[in-house]
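Colleague: Below you'll find the structure I mean.
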Amino acid sequence: MSTVPANLFRRPQLTLMQILGYAVLALAAFVVVVAFIDGPRTFVQVVVIGFSNGALYALIALGYTMVYGIIELINFAHGDLFMLGSVLAAIFLEERLNQTSSSAKAWMLLAVVMIAVMALCAAFNVTIEKLAYRRLRNSPKLAPLITAVGVSFILQNIGIFMNGSAPHSRASVLPQSSWHVGAIDIRLKYIVVVLVTAPLLLLMTWIVQKTRIGKAMRATAQDRDASLLMGINVDKMISYTFALGGALAGAAGTMFVQVNGTTRYDAGFRLGLIAFTSAVLGGVGNLLGAVIGGVLIGLIQGLNDSGLGFFPGQKWTQTVLFGILIMMIIFRPGGIFGSHQQEKV
Amino acid sequence: MTSIDVTHPASRAAGRDPMLTVDDIHVYYGNIAAVKGISLTVFPGEIVTLIGGNGAGKSTTMRTISGLLKPKRGEVHFEGKRISGLKGHEVAERGIAQSPEGRRIFGRMTVTENLELGAFLRRDKGAIAADMDRVFELFPRLKERLVQKAGTLSGGEQQMLAMGRALMAEPRLLLLDEPSMGLAPVLVESVFETIKKVNEQGTTVLLVEQNALVALNIANHAYVLETGRIILEGPAKELAHNDEVRKAYLGED
Ligand SMILES: Nc1ncnc2c1ncn2[C@@H]1O[C@H](COP(=O)(O)OP(=O)(O)OP(=O)(O)O)[C@@H](O)[C@H]1O
Ligand SMILES: [Mg+2]
């Protein structure tokens, strides 16, 4: 019934939105070009850093978006799971395995640690869903949302217990050298992050799009009752979703420490918000959107930090990012690709 | 209303054990009783139909059999084992598939993916492919639209897909909740032909239909529901000639 008036109001708004959208795009392109002219060498460097950070945001954003896709919950504890991953990875590699500098052995142990942390974070996330969210599945949406905030506090306190309340500086085992392309220096560690992240993202896409389990997860996201009628164990699919999201957060945490060299119990709050912004940018629930959103946010952050051209510089980065979040929620809550596109979960 | 009391005459059972027995189930949505003590029996090889007006509790009964709703009282048995209390996917594992009311296809997935999900519990790749061909034989329209997103199919095509998807499970008992809804008259006929064919190939069918006359035409046995209770049951042919039924559900005076 209400579709008629809604359409009447929506039509003109959409065209206005399109004009605005193109204007924003043109402005963004202009600002980027000016930044490039302002300092081409720095520009390339920050783009590399932006890609590398963006790849990590994409890993975290996927966890938000997959969980939202399947049970329509904004899992506020997801950023803190990432934080736990980073703390665990640092403790394992630096304190237990004593790896503090770059060597072939250290890289192998890093790979082992990453897999272990991914498994642990997957197990945590599955447990959190079982204990905290499952029984609230048929409650009003606010109940699991508040529960997620509660879980977030619990994880932060575990973080304080393991990492202390002050930031902890950590050694990196990634190569600290740079790669010289003409006059441009590219830090190898950023390339490593992209090389580690990209296969994970591809693997995730493959699992969700092509495997039997992935199809069942997507079915569950679309229609739980119909999925049950197909013989799909819906609870199990939801667990798998939390497991995949958790594993990605663990991988992101491991790589984050290696690049940034610090662990702090409240890292999940800021990174979680940034990743959430990425998910919103790509359209919450949209897998590919989360990846593109993550990379875009990484690039915007990198360029803004550089202060090139019209970019206001590092002091303003958070303002810019969360400004984007607010603008998106107000003007394009369905993400840059619109709301009814692409696959959920 | 009076009821002709033809409770499971020996002739219907014909020495067979019942495949499905629904025994005095009471089903609630919150505090509202939607089904207030329904009992029914389906014998292997039969087509049994549930007819009744809007809100009579037909879909609720079907959803309860499939384990999507839990009866507050009463039990459901399938092939001698209790299935009420099992989860939906466990009921499906026992060999019951349902094409639910309102189609409930996976709109953001392709036709092929929908059919594959119908066969989710099966591992026999060769037989699955053969069954997919069988579905395309029944509904050639689907074959032309393999990679189309199911949500963009026409209503009738979606109905075909929903039924094809249920068939892909190779169920022993097929529950169909208004399979002719939204179909053009020609297609309604072909859907009922299909149901008969599927039944002849060995699948037992429990059919819910608004289209009472056609349903009674192909069914062996029928139950008439009203406000959550069974008010009439009997061989489908007899009910088709019952004055009460004709008045209430076939729109005759
Ligand atoms: N999710 C629900 N919540 C509350 N009440 C419900 C719900 N689903 C159905 N009902 C009520 O239960 C009763 C039986 O509904 P049901 O869907 O089983 O009827 P039906 O016989 O299938 O009708 P129709 O022929 O219209 O499909 C109705 O009064 C309906 O309003
Ligand atoms: Mg119904």
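The values are calculated or read from the model by the stated rules, or taken from the named source; none is laboratory data. Everything quoted here is computed from the prediction, not taken from an experiment. Reconstructed Cβ throughout: ideal geometry from the backbone, glycine too, with neighbour counts over all protein chains shown. For accessibility, only protein heavy atoms count, side chains too; no ligands or nucleic acids. Shrake-Rupley method; radii C 1.70, N 1.55, O 1.52, S 1.80 Å.
Colleague: Taking beta carbons within 10 Å but only from partner chains, what does the mean come to for residues A:183-193?
Modeller: 0
Colleague: With +1 on each Lys and Arg Cβ and -1 on each Asp and Glu Cβ, and nothing else charged, work out how big the dipole of the stretch B:104-171 is about its Cα centre, in Debye to the nearest 20.
Modeller: Once rounded to the nearest 20, the dipole reads 220 debye.
Colleague: Per residue, how many Å² of accessible area does the stretch B:104-171 show with a 1.4 Å probe?
Modeller: About 42 Å² of surface per residue is accessible.
Colleague: Then there's this: In chain A, with Lys and Arg counted as +1 and Asp and Glu as -1 at Cβ, which of these residues, A:L142, A:G182, A:A77, has the Cα nearest the positive end of the dipole, that is, farthest along it?
Modeller: Of the options given, the answer is A:L142.
Colleague: Give me the accessible area buried between chains B and A, both sides summed, with a 1.4 Å probe, in Å² rounded to the nearest 100.
Modeller: That pair of chains buries around 2200 Å² in total.
Colleague: Explain nothing, just the number: dipole magnitude of chain B about its Cα centre with +1 on each Lys and Arg Cβ and -1 on each Asp and Glu Cβ, in debye rounded to the nearest 20.
Modeller: That gives a dipole near 840 debye.
Colleague: Now, a different point. Is the C-alpha gyration tensor of the stretch B:104-171 telling us rounded, prolate or oblate? Criteria: a/c under 1.5 is rounded; beyond that, a/b larger than b/c is prolate, otherwise oblate.
Modeller: prolate
Colleague: What is the magnitude of the charge dipole of the protein assembly as shown about its Cα centre, with +1 placed on the Cβ of each Lys and Arg, -1 on the Cβ of each Asp and Glu, and no other charges, expressed in debye to the nearest 20?
Modeller: Charge dipole of the protein assembly as shown: 1440 debye, to the nearest 20.
Colleague: Follow-up question, since we're still on this one. Distance from a point 7 Å along Cα→Cβ of B:K197 to each backbone N in the stretch B:135-158: keep the residues under 19 Å and list them by number.
Modeller: Under cut-off, by backbone N: B:135-146, B:156-158.
Colleague: Something else now. Give me the percent of the accessible area of the stretch B:104-171 that comes from carbon and sulfur atoms, probe 1.4 Å, all protein chains in place.
Modeller: Carbon and sulfur atoms account for 53 percent of the accessible area of the stretch B:104-171.
Colleague: Something else now. If you roll a 1.4 Å probe over chain A with all protein chains in place, what percent of the accessible area is carbon or sulfur?
Modeller: 69 percent
Colleague: Helix B:125-138 sits at what angle to the longest principal axis of chain B, using alpha carbons and giving 0 to 90 degrees rounded to 10?
Modeller: 70 degrees
Colleague: Using a 1.4 Å probe on the protein heavy atoms only, what accessible surface does B:E226 show? Give it in Å² to the nearest 10.
Modeller: Looks like 70 Å² after rounding.
Colleague: Sticking with this structure for a sec: Between the stretch B:116-157 and the stretch A:235-261, how many Å separate their Cα centres?
Modeller: 35 Å
Colleague: Once you average over the residues of A:215-225, how many Cβ atoms of partner chains fall within 10 Å of each Cβ?
Modeller: 5
Colleague: In chain B, if every C-alpha pair distance is counted and binned at 5 Å from zero, what percent goes to each bin?
Modeller: Result returned by the calculation: 1, 6, 14, 18, 20, 17, 13, 8, 3, 1, 0.
Colleague: Can you list the residues in the stretch B:51-88 whose accessible area drops by at least 50 Å² when all protein chains are present, compared with the chain alone? Use a 1.4 Å probe, heavy atoms only.
Modeller: Going by heavy-atom accessible area, the residues of the stretch B:51-88 that drop by at least 50 Å² are B:L68.
Colleague: Helix-derived [θ] at 222 nm for chain B: sum -39500 (n - 2.57) over DSSP H runs of at least 4, divide by residue count, nearest 500?
Modeller: Result for chain B: -10500 deg cm²/dmol, rounded to the nearest 500.
Colleague: Is any helix in chain A, taking whole DSSP H runs, at least 20 angstrom long along its axis by alpha carbon and on average at least 1.0 on the Kyte-Doolittle scale, and which ones?
Modeller: A:3-38, A:40-71, A:104-128, A:142-163, A:188-210, A:267-282, A:287-306, A:317-331
Colleague: List the equivalent ellipsoid semi-axes of the protein assembly as shown in whole Å, largest first, each obtained as the square root of 5λ for an eigenvalue λ of the Cα gyration tensor.
Modeller: Gyration-tensor ellipsoid for the protein assembly as shown: 56, 26, 21 Å.
Colleague: Place +1 on the Cβ of every Lys and Arg and -1 on the Cβ of every Asp and Glu in the stretch B:104-171, take the dipole about the Cα centre, and give the residue among B:G156, B:F106, B:F136 whose Cα lies farthest towards its positive end.
Modeller: B:F106
Colleague: Mind checking which lysines have their Cα closer than 16 Å to the Cα of B:K247? Skip sequence neighbours fewer than 8 apart in that chain.
Modeller: Within the straight-line cut-off, B:K247 pairs with B:K237.
Colleague: Continuing with this model, one more query. In the structure displayed, which of A:K215/B:K87; A:K105/A:K315; B:K125/B:K149; A:K215/B:K36; B:K87/B:K149; A:K141/A:K189 lie more than 32 Å apart, Cα to Cα?
Modeller: Beyond 32 Å between Cα atoms: A:K105/A:K315; A:K215/B:K36; A:K141/A:K189.
Colleague: Further question on the same structure: Under the rule a/c < 1.5 gives rounded, and otherwise a/b versus b/c splits prolate from oblate, where does chain A land using the Cα gyration tensor?
Modeller: oblate
Colleague: Continuing with this model, one more query. Take every DSSP beta bridge with both residues inside chain B and express the antiparallel ones as a percent of the total, to the nearest 5.
Modeller: Roughly 55 percent of the beta bridges in chain B run antiparallel, per DSSP.
Colleague: Among DSSP beta bridges whose residues both lie in the protein assembly as shown, state the antiparallel percentage, nearest 5.
Modeller: Close to 60 percent.
Colleague: Quick one: helix B:185-200 against the long Cα principal axis of chain B, what's the angle to the nearest 10°, folded into 0 to 90?
Modeller: The angle comes out near 80 degrees.
Colleague: Now, a different point. In terms of solvent-accessible area of protein heavy atoms at a 1.4 angstrom probe, what is the ranking of B:V111, A:V48, highest value first?
Modeller: A:V48, B:V111
Colleague: Compute the accessible area per residue over the stretch A:61-196, keeping the other protein chains in place, probe 1.4 Å, unit Å².
Modeller: In whole numbers, the stretch A:61-196 has 47 Å² accessible per residue.
Colleague: Ordering B:E93, A:E129 by accessible area with a probe of 1.4 Å, largest first, what comes out?
Modeller: Sorted by accessible area, descending: B:E93, A:E129.
Colleague: Moving on. Show log10 I(q)/I(0) for the stretch B:146-239 at q = 0.10, 0.14, 0.19, 0.23 Å⁻¹, two decimals, from a solvent-free Debye sum over equal Cα scatterers.
Modeller: For the stretch B:146-239, the Cα-only Debye profile gives -0.29, -0.56, -0.96, -1.27.
Colleague: Considering only A:S169, A:M66, A:I37, whose Cα is most displaced toward the positive end of the charge dipole of chain A, charges sitting on Cβ of Lys, Arg (+1) and Asp, Glu (-1)?
Modeller: Looking along the dipole axis, the top candidate is A:M66.
Colleague: Can you give the accessible area of A:E95, probe radius 1.4 Å, in Å² rounded to 10?
Modeller: We get 90 Å² for A:E95.
Colleague: Follow-up. With a ≥ b ≥ c the root eigenvalues of the C-alpha gyration tensor of the stretch A:78-233, is it rounded (a/c under 1.5), prolate (a/b larger than b/c) or oblate?
Modeller: Taking the square roots of the gyration eigenvalues as a ≥ b ≥ c, the stretch A:78-233 is oblate.
Colleague: While we're looking at this one, here's another question. Counting only protein chains, not ligands or nucleic acids, how are A:Y133, A:Y265 ordered by accessible area (probe 1.4 Å), most first?
Modeller: Of A:Y133, A:Y265, the descending order of accessible area is A:Y265, A:Y133.
Colleague: Under 16 Å between alpha carbons, and skipping anything fewer than 8 positions from A:K210 in its own chain: which aspartates and glutamates qualify?
Modeller: Reachable aspartates and glutamates: A:E343, B:E113, B:E116.
Colleague: Give me the percent relative contact order of the stretch B:104-171, please, defined on Cα pairs under 8 angstrom at least 6 residues apart.
Modeller: 55 percent
Colleague: Which whole-number percent is the relative contact order of chain B (Cα, under 8 Å, 6+ apart)?
Modeller: 27 percent
Colleague: With every protein chain in place, what's the accessible area of A:I292 (1.4 Å probe, Å², nearest 10)?
Modeller: For A:I292, solvent-accessible area is about 60 Å².
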